[in-house]
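Asker: Take a look at the following structure, please.
The values are calculated or read from the model by the stated rules, or taken from the named source; none is laboratory data. Keep in mind the model is a prediction, meaning the values are calculated, not measured. In this analysis, Cβ positions are derived from the backbone assuming ideal geometry, glycine residues included, and neighbour counts consider all displayed protein chains. When the accessible area is computed, the model is the full protein with side chains, heavy atoms only, and any ligands, DNA or RNA have been set aside. Shrake-Rupley method; radii C 1.70, N 1.55, O 1.52, S 1.80 Å.
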Amino acid sequence: MNEIAAFDYLGRAVDCAPCHHRNRLSAGRCQPLKACIHDRYARRIDRFFAWNADLANDYLAHPHFEVRAIAAKSADVFRLPPLLDDPEETVRWNAARRLPQARILPLRADPHREVRIRIATLLDGDDLTPMMRDEDYYVRLVVAKRIAPARLGPLMNDPEPEVRRIVARRVPDAWLPSMMDDADAAVRLDVAARLDGDLLARFASDTDWRVRHEVASRLETRHEGILTRLAEDADDVVAEVARTRLAPAQRRISA
């Protein structure tokens, strides 16, 4: 298999002769087509810094963003804060992932959604609260997965059903009844999966067969009247589950 030719980020052929680090070539710390700071391919740049981490600080202002981003993974941490204002999101993220939470809080409002998503994976507690109002649903989805259950209240009415589904799986039990009338059937199903007794029974007439199936599968047999009604459900799968649940009780009665 032919190697991808070595060109720099400006499209010029890479030449080892004028390179400042040509002494490292003989020492095996760089190699054309494999590990080179001037090559435009990220994998080769990454390998260069893996072999020469001591040079990372010198390349944090390099004009090629791939070099800056990869250098940020090995550079001294105290040199990273200025990179949080880098014009390239990849550079900002690689700097942020190595810095303390207090230093990366401004990136909660980063213009690039991928940065905000990744920042949400690094934060916790009160630091996540402002991100519940993020315009991007996936940012809010990450927040819903990470923030403490007792803080999920503002997301219970999130406009995105996938966010509300996560909330339904994590909120305190006492909050579930307020989500029982959610407009999205998948959310109601997640709510039903956590309920039992009289609250679960309230889903017996749900418009979605999956929710009724959850009721038929788990409702206590003391709710025989509801199970009997579900045994005649318009959906065959729901009806069959309800009949199966009722069968032992009916055998006891006939015995």
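Asker: Please report the net charge: other residues with Cβ closer than 15 Å to the Cβ of residue 45, K and R +1, D and E -1.
Answerer: Local charge sum for residue 45: +3.
Asker: While we're here: Counting pairs of alpha carbon atoms under 8 Å apart in space and at least six apart in sequence, what relative contact order in percent does region 120-255 give?
Answerer: After rounding, I find 13 percent.
Asker: Set the Förster distance to 45 Å, then compute FRET efficiency between residue 77 and residue 183 from the Cβ-Cβ distance, nearest 0.05.
Answerer: Efficiency at R0 = 45 Å is approximately 0.45.
Asker: Turning to a different aspect of this structure: For region 1-59, just say rounded, prolate or oblate: build the C-alpha gyration tensor, square-root its eigenvalues into a ≥ b ≥ c, call rounded for a/c under 1.5, and beyond that prolate if a/b exceeds b/c, oblate if not.
Answerer: Rounded shape, in that the Cα axes give a/c under 1.5.
Asker: Could you provide, to the nearest whole Å², the per residue accessible area of region 39-198 with probe 1.4 Å?
Answerer: It amounts to 48 Å² per residue over region 39-198.
Asker: Continuing with the same structure: Taking the Cα centre of region 19-145 as the origin, how large is its charge dipole in debye, to the nearest 20, when only Lys and Arg (+1) and Asp and Glu (-1) carry charge on their Cβ atoms?
Answerer: Dipole of region 19-145, to the nearest 20 debye: 580 debye.
Asker: I'd like to know which of 57, 96, 41 lies farthest towards the positive end of the charge dipole of the chain, counting +1 on Cβ of Lys and Arg and -1 on Cβ of Asp and Glu.
Answerer: Of the listed residues, the answer is 57.
Asker: Pick the calculated Cα extents along the principal axes in Å for this structure from (i) 48, 47, 37; (ii) 69, 46, 32; (iii) 95, 45, 27?
Answerer: (iii)
Asker: What share of all Cα pairs of region 141-180, in percent, falls into each consecutive 10 Å distance bin?
Answerer: Bins of 10 Å from zero give 35, 61, 4 percent of pairs.
Asker: For the pair residue 137 and residue 234, what calculated FRET efficiency results from E = 1/(1 + (r/R0)^6), where r is the Cβ-Cβ distance and R0 = 35 Å, to the nearest 0.05?
Answerer: Rounded to the nearest 0.05, the efficiency is 0.55.
Asker: Quick one: angle between helix 209-218 and the longest Cα principal axis of the chain, in degrees between 0 and 90, rounded to 10, please.
Answerer: That works out to roughly 70 degrees.
Asker: Related question: Quick check for me: using +1 on Lys/Arg Cβ and -1 on Asp/Glu Cβ, what's the dipole size of the chain about its Cα centre, in debye to the nearest 20?
Answerer: 940 debye
Asker: Note the angle between two axes, namely the Cα long axis of helix 161-170 and the longest principal axis of the Cα atoms of the chain, as a number of degrees from 0 to 90, rounded to the nearest 10.
Answerer: Between the helix axis and the principal axis of the chain, the angle is about 70 degrees.
Asker: Over all distinct alpha-carbon pairs, what is the Kirkwood Rh of region 81-210 in angstrom?
Answerer: Computed over Cα pairs of region 81-210, the Kirkwood hydrodynamic radius comes out at 16.0 Å.
Asker: Can you pull the one-decimal nm distance between simple spin-label points at residue 126 and residue 145, each 7 Å off the Cα toward Cβ?
Answerer: 2.6 nm
Asker: Here is a further query. For the chain, build the charge dipole from Cβ charges (+1 Lys, Arg; -1 Asp, Glu) around the Cα centre, then report which of 10, 71, 216 sits farthest towards its positive end.
Answerer: 71
Asker: Would you mind working out the magnitude of the charge dipole of region 148-255 relative to its Cα centre, with +1 at each Lys and Arg C-beta and -1 at each Asp and Glu C-beta, to the nearest 20 Debye?
Answerer: Taking the Cα centre of region 148-255 as origin, the dipole is about 460 debye.
Asker: If you wrap a convex hull around the Cα atoms of region 56-124, how much volume per residue is inside, in Å³?
Answerer: Dividing the Cα hull volume of region 56-124 by its residues yields 72 Å³.
Asker: Can you pull the percent of the chain's accessible area that's carbon plus sulfur, 1.4 Å probe, other chains left in place?
Answerer: That fraction is 50 percent.
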